[in-house]
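Peer 1: This is the structure I have questions about; it appears just below.
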Amino acid sequence: MRESTVDLPLGRIAGLRGGDPSAPKVIALHGWLDNAASFVPLAERLGGIELFAMDLPGHGHSAHLSPGAEYTSFVAINAVLDVADALGWPRFALLGHSMGAGIASLIAAAVPQRVGGLVAIEALGALAETPEHAAARLRQSVAAARALRGKNLRVFADLDAPVRARMQVNGLGEAAARLLVERGVREVDGGYVWRTDQRLTVPGAVRMGEAQIAGIVAAIECPARVLYADPPQSYFPEPLRSARARLLPRGELRVLPGGHHLHMEDPAAVAAAIGDFLSANP
């Protein structure tokens, strides 16, 4: 895969592009605080497509939003559609992991005429909130946003410390963690700092309820293949995650042993589970 950029009104969107330019088009969306390198181990095992793995706004090498702007799923949705327009891709399939799978789900529901197929890894739809916790979430979000003012980025003398941090937080092996870190830092005097916009660490102020999310997932018209890791994540447990998958009108669910980043840690198994789905649903 090679470096590729697209200039949008919100700023430059970077990514990794590869595959057959004459083949069906696929846009890949990474998870929260990850970047396009998340798909490097998997991409070389997916044939019959042209893939653009983008750094979502504020992540990787992509531009940060302007001061005062907030990162939401709806900002990401429009960024993805703007990227597709800039690439000249009126129709495409979506491949997403975690947060990226949630965003891909929303796009598939929002513009069914443009999305030929959806592969969602370790998420489907958005994270929900219950009414009784809505006020607490709002307070937490506002407090976290205010606390960011004047906060300085930590400088790492070398890459070993951030690699260890990613390994510990995400349960990743060193090779996968290093892929994400190398794309996720920039060099400064004295070492390295994270490229990621600090505002992405602020929890969202408002989330949809489960009934709203269910309605959106049920409105996804394209063929969809959902891949979950076993054991499930605590924030997306059973039976919720399987119930979400059953809402898909043309969906199928496959469960694979592994951790949350199974597409990086066991790309061969994930590629086999995807098969020719993406090339067959352009």
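The values are calculated or read from the model by the stated rules, or taken from the named source; none is laboratory data. Only a predicted model underlies this, so the values are computations on that prediction, with no experimental measurement involved. All Cβ positions, even for glycine, are placed from backbone atoms using ideal geometry, and neighbour counts span all protein chains on display. Just the protein is used for accessible areas: all its heavy atoms, side chains included, with ligands, DNA and RNA removed. Shrake-Rupley method; radii C 1.70, N 1.55, O 1.52, S 1.80 Å.
Peer 1: For Cα pairs less than 8 Å apart in space and 6+ apart in sequence, what is the mean separation divided by the residue count of the chain, i.e. the relative contact order in percent? Intermediate results must be reported in sequence, preceding the final value.
Peer 2: Working: 565 pairs, mean separation 62.7, N = 282.
Normalised by residue count, the contact order of the chain is 22 percent.
Peer 1: Right, something else. Working out 0.36 nm times the residue gap between Ala144 and Gln113, then minus their Cα-Cα distance, what length gain in nm do you get to one decimal?
Peer 2: Gain in length upon complete extension: 7.3 nm.
Peer 1: Using +1 on the beta carbon of Lys and Arg, -1 on that of Asp and Glu, and nothing else charged, what's the dipole of segment 129-197 about the Cα centre, debye to 20? Numbers along the way, then the final one.
Peer 2: Details: 12 positive and 9 negative charges, 58 e Å.
Taking the Cα centre of segment 129-197 as origin, the dipole is about 280 debye.
Peer 1: Hey, if we sort Tyr228, Tyr235 by accessible area with the 1.4 Å probe, largest down, what's the order?
Peer 2: Tyr235, Tyr228
Peer 1: Hey, another quick one. Mean residue ellipticity at 222 nm from the helices of the chain, using -39,500 (n - 2.57) per DSSP H segment of n ≥ 4 over the full residue count, to the nearest 500 deg cm²/dmol?
Peer 2: That comes out to -10000 deg cm²/dmol.
Peer 1: For Gly209, enumerate residues with amide H under 5 Å from its amide H, sequence gap 5+ or separate chain, H modeled in the peptide plane.
Peer 2: Glu129
Peer 1: Additional query: Report the calculated FRET efficiency for Ala211 and Asn152 (r = Cβ-Cβ distance, R0 = 41 Å), to the nearest 0.05.
Peer 2: In this case the efficiency is close to 0.45.
Peer 1: Counting only DSSP beta bridges with both residues in the chain, tell me the antiparallel percent, nearest 5.
Peer 2: Within the chain, antiparallel bridges account for around 40 percent of the total.
Peer 1: For the chain, just say rounded, prolate or oblate: build the C-alpha gyration tensor, square-root its eigenvalues into a ≥ b ≥ c, call rounded for a/c under 1.5, and beyond that prolate if a/b exceeds b/c, oblate if not. Intermediate results must be reported in sequence, preceding the final value.
Peer 2: Values: a/c = 1.38, a/b = 1.15, b/c = 1.19.
Here the chain falls in the rounded category.
Peer 1: Under a 5 Å amide H to amide H cut-off, with H placed in plane at 1.01 Å, what residues pair with Gly251 once short-range neighbours are removed?
Peer 2: Ala224
Peer 1: Expressed as a whole percentage, what fraction of the accessible surface of segment 1-127 belongs to carbon and sulfur atoms when a 1.4 Å probe is rolled over the protein heavy atoms?
Peer 2: Ligands and nucleic acids excluded, carbon and sulfur give 55 percent.
Peer 1: Output ³J(HN,Hα) for segment 227-235: one whole-Hz value per residue in order, computed from phi by the Karplus curve 6.51 cos²θ - 1.76 cosθ + 1.60 with θ = phi - 60°, and x for Gly and Pro.
Peer 2: Computed from phi, the couplings for segment 227-235 are 10, 10, 8, 10, x, x, 6, 5, 7 Hz.
Peer 1: With θ set to phi - 60°, apply the Karplus curve 6.51 cos²θ - 1.76 cosθ + 1.60 along segment 23-40 and write out the HN-Hα couplings as whole Hz, x wherever there is a Gly or Pro.
Peer 2: 8, x, 8, 9, 10, 10, 10, 7, x, 4, 6, 8, 7, 4, 4, 3, 9, 4
Peer 1: Additional query: Probe 1.4 Å, all protein chains in place: accessible area of His133 in Å², nearest 10?
Peer 2: Counting only protein heavy atoms, His133 exposes about 100 Å² to solvent.
Peer 1: Determine the per residue accessible area of segment 135-251 with all protein chains present and a 1.4 angstrom probe, expressed in square angstrom.
Peer 2: With the other protein chains kept in place, segment 135-251 gives 57 Å² per residue.
Peer 1: Moving on. How big is the dipole moment of segment 36-113 about its Cα centre under a simple scheme where the beta carbon of each Lys and Arg is +1, that of each Asp and Glu is -1, and everything else is neutral? Debye, nearest 20, please.
Peer 2: The dipole of segment 36-113 has a size of about 160 debye.
Peer 1: Using label points projected 7 Å from each Cα along Cα→Cβ, tell me how many nm separate Val255 and Arg2, to one decimal.
Peer 2: Roughly 4.3 nm, to one decimal.
Peer 1: Next question, about the same structure. For Glu187, what accessible surface area do you get with a 1.4 Å probe? Give it in Å², rounded to 10.
Peer 2: Looks like 140 Å² after rounding.
Peer 1: What order do Thr5, Thr130 take when sorted by accessible area (1.4 Å probe), most exposed first?
Peer 2: The ranking, largest first, comes out as Thr5, Thr130.
Peer 1: 5 Å is the cut-off here: which amide hydrogens, built 1.01 Å from N in the peptide plane, fall below it relative to Val119, excluding neighbours closer than 5 in sequence?
Peer 2: Here the answer is Leu94, Leu95, Gly96, Arg225, since their amide H atoms fall under 5 Å of that of Val119.
Peer 1: Moving on. Which value in nm describes the separation of the simple spin-label points at Ser66 and Leu240, placed 7 Å from the Cα toward the beta carbon?
Peer 2: My value for the distance between the label points is 3.6 nm.
Peer 1: Express in nm, to one decimal, how much length is gained between Ala86 and Arg186 on full extension, taking 0.36 nm for each residue of separation and deducting their alpha carbon distance. Numbers along the way, then the final one.
Peer 2: Details: separation 100, 0.36 × 100 = 36.00 nm, distance 2.66 nm.
Net length gain for the segment: 33.3 nm.
Peer 1: Considering only protein heavy atoms, what is the solvent-accessible area of Met99 at a probe of 1.4 Å, reported in Å² to the nearest 10?
Peer 2: Ignoring ligands and nucleic acids, Met99 comes out at about 60 Å².
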